[in-house]
Amino acid sequence: LSETERKKYQSFSSDYFCADEHNANLCAELIRIGQKTATCSLNVWYESGEEPMPTVGHLQVVVDWNGKPICIIEIDSVETCKYNEVTADFAHAEGEGDRSLKWWREAHWRFFSAECSELNIEPNE
């Protein structure tokens, strides 16, 4: 990065999306082609300190499951909402599956339920 860019961007990371190789590689490609422009996580990860809350202006090198850099993204907004408040627009921006809210809810309920099980907490909407 240039000196100007280094002053502008103070927060950097490198990571993959998702919890398995297939989806990590798929999400990296969807991000690279511009289809996936949003993402979500369990708030409990941030509340527990396990992960830092994303911040506007943060740059992330998106890597595939094996750590190969695929693209760089900049976080331009951060919002919180409950699972049952996710909108069709957000589901579409997440870029996965058929991009419908119905697909998003089914896929993410399975994912979040599994994550909650590992944390010994009950998922709720």
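If you check E106 against the conditions, is it out of contact with any helix residue (DSSP H, G or I) (no Cβ under 9 Å at 6 or more places or on another chain) and more than 17 Å from Q35 (Cα to Cα)?
Numbers: out of contact with any helix residue (DSSP H, G or I) (no Cβ under 9 Å at 6 or more places or on another chain): yes; more than 17 Å from Q35 (Cα to Cα): yes.
It is true that E106 is out of contact with any helix residue (DSSP H, G or I) (no Cβ under 9 Å at 6 or more places or on another chain) and more than 17 Å from Q35 (Cα to Cα).
Would you mind finding the one in G67, G49, G57, G34 that is surrounded by 11 or more Cβ atoms within 10 Å (Cβ to Cβ) and either at pLDDT 95 or above or part of a loop (DSSP other than H, G, I, E, B) (or both)? So that I can check it myself, show each step before the final result.
On the way: G67 fails: surrounded by 11 or more Cβ atoms within 10 Å (Cβ to Cβ); G49 fails: surrounded by 11 or more Cβ atoms within 10 Å (Cβ to Cβ); G34 fails: surrounded by 11 or more Cβ atoms within 10 Å (Cβ to Cβ).
Sole residue among the options that is surrounded by 11 or more Cβ atoms within 10 Å (Cβ to Cβ) and either at pLDDT 95 or above or part of a loop (DSSP other than H, G, I, E, B) (or both): G57.
Mind checking which residues of the range 75-105 are surrounded by 12 or more Cβ atoms within 10 Å (Cβ to Cβ) and part of a helix (DSSP H, G or I)?
First pass over the range 75-105, keeping only residues surrounded by 12 or more Cβ atoms within 10 Å (Cβ to Cβ): 75, 83, 86, 88, 90-97, 99-101, 103-105.
Matches in the range 75-105: Y83, A88, F90, A91, H92, A93, E94, L101, W103, W104, R105.
Mind listing whichever residues of the range 1-31 are part of a loop (DSSP other than H, G, I, E, B) and either of a type in the set (G, A, S) or surrounded by 15 or more Cβ atoms within 10 Å (Cβ to Cβ) (or both)? If you could, list the steps in order and put the result at the bottom.
Filtering the range 1-31 down to residues part of a loop (DSSP other than H, G, I, E, B) leaves 1-2, 9-11, 16-20.
Scanning the range 1-31 gives S2, S11, Y16, F17, C18, A19.
T39 passes all but one of (1) farther than 24 Å from N124 by Cβ; (2) assigned to a loop (DSSP other than H, G, I, E, B); which number fails?
(1)
For the range 106-125, which residues satisfy the criterion of being in a helix (DSSP H, G or I) and not polar (S, T, N, Q)? Steps first, please.
Looking only at the range 106-125, we keep the residues that are in a helix (DSSP H, G or I), and these are 106-118.
The answer is E106, A107, H108, W109, R110, F111, F112, A114, E115, C116, E118.
The values are calculated or read from the model by the stated rules, or taken from the named source; none is laboratory data. This one's a predicted model, so the numbers in the text were calculated from it and none came from an experiment. Neighbour counts are summed over all protein chains in view; Cβ atoms, including those assigned to glycine, are modelled from backbone coordinates with ideal geometry.
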